[in-house]
Amino acid sequence: MATSNSKTFLLNVADAIEEAFELAGIELRTAYDAESARRSLNIMFADWSNRGVNLWTIEEVTTTLTAGTSSYTLNSYDLDLVSAVIRQTDSSNNSTDLSIERIGRSEYLEIPDKSSTGRPTQYFLDRKTTPVVKLWPVPDTAFTYKLISNNIQRIDDVLTSAEDPDIPSRFMPCLVSGLAYYISMKRSPERVSLLKQQYEQDFKLAAEEDTPRVSMRLVPSRSNY
């Protein structure tokens with residue numbers, strides 16, 4: 001028998017909720033049940049953001065810098081920066097990407113003259129409700145500068161059951177088992193332990209798969225002693 005030759009299967013939110021209710025051993029009966037499940041999905045997505053980097057939520061963002069301005073407000077859905085460079089463009093429109101170092105709150109506080117100007121070489125990410133990037137030195141007028149950053153962003157909210165969840169297919173098992181676990185805490189407490197174990201296993205497998213496939217080279221540091 002021929003195969004379907006299709007590789008597009010992905011549960012929409014309604015199907016995921018129905019599957020999760022079945023795992024929890026209860027029936028989806030009312031509109032409020034679906035609303036409660038969607039709320040649990042959004043809470044679970046927030047938990048996923050706390051567990052580590054989700055590769056599909058990383059977006060490259062370009063921020064044009066203004067001479068004399070050191071602080072730049074990101075979007076409220078930007079959670080963190082994975083990496084960043086300064087793109088320097090000269091009068092002939094030649095661009096060069098230059099590294100910029102991330103520093104902590106204390107290191108930024110200890111900079112003696114925060115008004116020094118030049119090409120930014122360091123940044124501090126103030127992770128407020130709406131994050132703010134603070135650059136040092138403050139951009140000068142010698143070149144046109146842009147901050148090119150890889151931003152970790154929130155997973156898209158679930159608003160209706162007709163939507164597709166903002167996840168890759170490899171996370172479907174832990175989406176269902178995780179939602180079943182959240183539902184069981186409210187409706188089926190006798191299954192909490194079992195579903196929690198299944199959810200953690202499914203998430204571990206998905207998270208281990210959701211990693212960059214690049215080689216790593218470790219170089220030992222040399223002591224000056």
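The values are calculated or read from the model by the stated rules, or taken from the named source; none is laboratory data. Model, not experiment: these values are computed from the prediction. So basically every Cβ, Gly included, is an ideal-geometry build from the backbone, and we count neighbours across all protein chains shown. Only protein heavy atoms, including side chains, enter the accessible area calculation; ligands, DNA and RNA are left aside. Shrake-Rupley method; radii C 1.70, N 1.55, O 1.52, S 1.80 Å.
Structure above, values below:
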{"quantity": "Those residues of the range 67-79 which are open to solvent by less than 60 Å² (accessible area, probe 1.4 Å), in a strand (DSSP E or B) and touching a Ser or Thr at 6+ places or on another chain (Cβ under 9 Å), in sequence order", "calculated": "TYR72, ASP78, LEU79"}
{"quantity": "Qualifying residue in the range 167-185 (condition: at pLDDT below 95, of a type in the set (S, T, N, Q), assigned to a helix (DSSP H, G or I) and closer than 23 Å to TRP56 by Cα)", "calculated": "yes"}
{"quantity": "Restricting the range 19-47 to residues that are of a type in the set (Gly, Ala, Ser) and outside any helix (DSSP H, G or I), the residue that is nearest to the chain's Cα centre (by Cα)", "calculated": "ALA24"}
{"quantity": "Residue that is farthest from PRO139 (Cα to Cα) [pool: residues in the range 49-66 that are more than 9 Å from the chain's Cα centre (by Cα) and open to solvent by less than 40 Å² (accessible area, probe 1.4 Å)]", "calculated": "VAL61"}
{"quantity": "Neighbours by Cβ (under 8 Å, 6+ apart or cross-chain): first from the range 162-180, more than 9 Å from LEU10 (Cβ to Cβ) and small (Gly, Ala, Ser); second in a loop (DSSP other than H, G, I, E, B) and open to solvent by 10 Å² or more (accessible area, probe 1.4 Å)", "calculated": "ALA162/ASN12"}
{"quantity": "Residue among ASP166, ASP157 that alone is surrounded by 15 or more Cβ atoms within 10 Å (Cβ to Cβ) and within 16 Å of the chain's Cα centre (by Cα)", "calculated": "ASP166"}
{"quantity": "Residues of the range 97-138 classified as open to solvent by less than 70 Å² (accessible area, probe 1.4 Å) and part of a strand (DSSP E or B), total", "calculated": "13"}
{"quantity": "Hey, TYR145 among the hydroxyl-bearing types (Ser, Thr, Tyr), open to solvent by less than 20 Å² (accessible area, probe 1.4 Å) and either in contact (Cβ under 8 Å) with a residue 60 or more places away in the chain or under 21 Å from ASN93 (Cβ atoms) (or both) or not", "calculated": "yes"}
{"quantity": "Hits in the range 1-44 - residues which are in contact with a Phe, Trp or Tyr (Cβ under 7 Å, 6 or more places away or on another chain), within 12 Å of GLY178 (Cα to Cα) and not hydrophobic (A, V, I, L, M, F, W, C)", "calculated": "SER40"}
{"quantity": "Residue satisfying condition, being open to solvent by 20 Å² or more (accessible area, probe 1.4 Å) and on the phi > 0 side of the Ramachandran plot, within set ASN150, ASN93", "calculated": "ASN93"}
